[in-house]
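Working notes, beginning with the structure itself.
The values are calculated or read from the model by the stated rules, or taken from the named source; none is laboratory data. Predicted model, so just to flag it, every value in this text is computed and none were measured. Because the Cβ atoms are built from the backbone with ideal geometry, glycine has one as well, and the counts that use them run over all protein chains shown. The accessibility values were calculated without ligands, DNA or RNA, using every heavy atom of the protein model including side chains. Shrake-Rupley method; radii C 1.70, N 1.55, O 1.52, S 1.80 Å.
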Amino acid sequence: VYSWTLSPQFNLGEDTMPYARIPTGYQPGGPNVAVPGVPPVVDSSMLDSYEIGLKSQFAEQRVQLDLAAFRIDWDDIQVASSFNGIGGLVNGGEATSEGAELSALFRATDQWTVGFNVAYTKASIKNDFDPTVISIPDQGIDVILNTGLAGDRMPYVPKLSWALNTEYAFTTQAGFNGQIGAALRGVGSRLNDTTERQRITALGDPSTVLVPDEITAPVELDSYRALDLYAGIGKGRWEVRVNANNITNGEAW
């Protein structure tokens with residue numbers, strides 16, 4: 001398996017750089033969970049990624065701006081799924097993820113910085129997942145299970161996410177260096193899984209559907225916000241740092 005990366009960059013003056021990046025990626029396959037009807041192995045997957053962006057500094061380098069747009073194409077994507085309560089992997093055919101991200105950092109003073117970033121991502125599956133077929137000869141039927149359908153959103157990928165952060169750095173008269181900071185982050189709604197379809201057909205004849213398909217939709221997880229705080233102080237080789245995550249007890253179910 002060969003993978004490669006192409007990453008041209010261009011300098012428009014000292015503080016502005018447009019760029020492009022085209023890497024490929026590979027994820028090996030391997031043995032799968034031993035459950036009747038589940039493929040014994042999961043195939044390897046490949047992806048191609050395309051990104052264009054701009055990095056810039058201005059206002060005497062007190063403002064930094066990063067802007068990027070991207071697209072990722074997967075082939076034989078590996079997706080976790082559940083078979084009668086037992087987790088395993090399946091190949092989900094083709095999938096795409098595309099979107100844009102904006103990040104900015106503002107240095108208000110030599111000690112105080114404020115930043116934010118926002119990202120929009122549209123990630124979806126282009127094909128039905130490989131089916132699991134369980135034959136029941138004594139009943140003359142096949143049970144065909146698809147754990148993902150074309151057009152499904154990728155699980156746990158929010159369409160919108162963002163973060164605001166600030167940090168203040170200080171130095172004491174005793175020679176200690178420290179910082180205090182906070183980050184408010186938000187994550188949009190997500191889906192916990194893909195759509196599951198169970199189809200019952202005549203034994204050996206997938207074109208004969210005996211009963212209406214049973215469709216199980218994924219659960220939508222609510223959007224949430226969380227506030228994180230941190231502080232640190234140190235001198236020489238030593239530093240003490242304290243973190244408090246999600247102090248507002250933000251929840252998403």
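Computed values, structure above
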| quantity | calculated |
| --- | --- |
| Qualifying residue in the stretch 182-189 (condition: in a loop (DSSP other than H, G, I, E, B), open to solvent by less than 70 Å² (accessible area, probe 1.4 Å), more than 20 Å from D128 (Cα to Cα) and not polar (S, T, N, Q)) | yes |
| Candidate set: the stretch 17-56, residues that are of a type in the set (S, T, N, Q) and modelled with pLDDT under 95; chosen: the one nearest to F106 (Cα to Cα) | Q27 |
| Those residues of the stretch 125-144 which are under 24 Å from G93 (Cβ atoms), assigned to a strand (DSSP E or B) and open to solvent by 30 Å² or more (accessible area, probe 1.4 Å), in sequence order | V133, I134, S135 |
| Filter pass, F58 being out of contact with any helix residue (DSSP H, G or I) (no Cβ under 7 Å at 6 or more places or on another chain), within 30 Å of E14 (Cβ to Cβ), of a type outside the set (S, T, Y) and surrounded by fewer than 16 Cβ atoms within 10 Å (Cβ to Cβ) | yes |
| Cβ pairs under 8 Å, 6+ apart, first in the stretch 62-81 and in contact (Cβ under 8 Å) with a residue 24 or more places away in the chain and farther than 26 Å from D193 by Cα, second open to solvent by less than 40 Å² (accessible area, probe 1.4 Å) and outside any strand (DSSP E or B) | R62/A108 |
| Pairs, first open to solvent by 80 Å² or more (accessible area, probe 1.4 Å) in the stretch 224-253, second part of a loop (DSSP other than H, G, I, E, B) and among the aromatic types (F, W, Y), C-beta under 7 Å, six or more apart | K235/F176 |
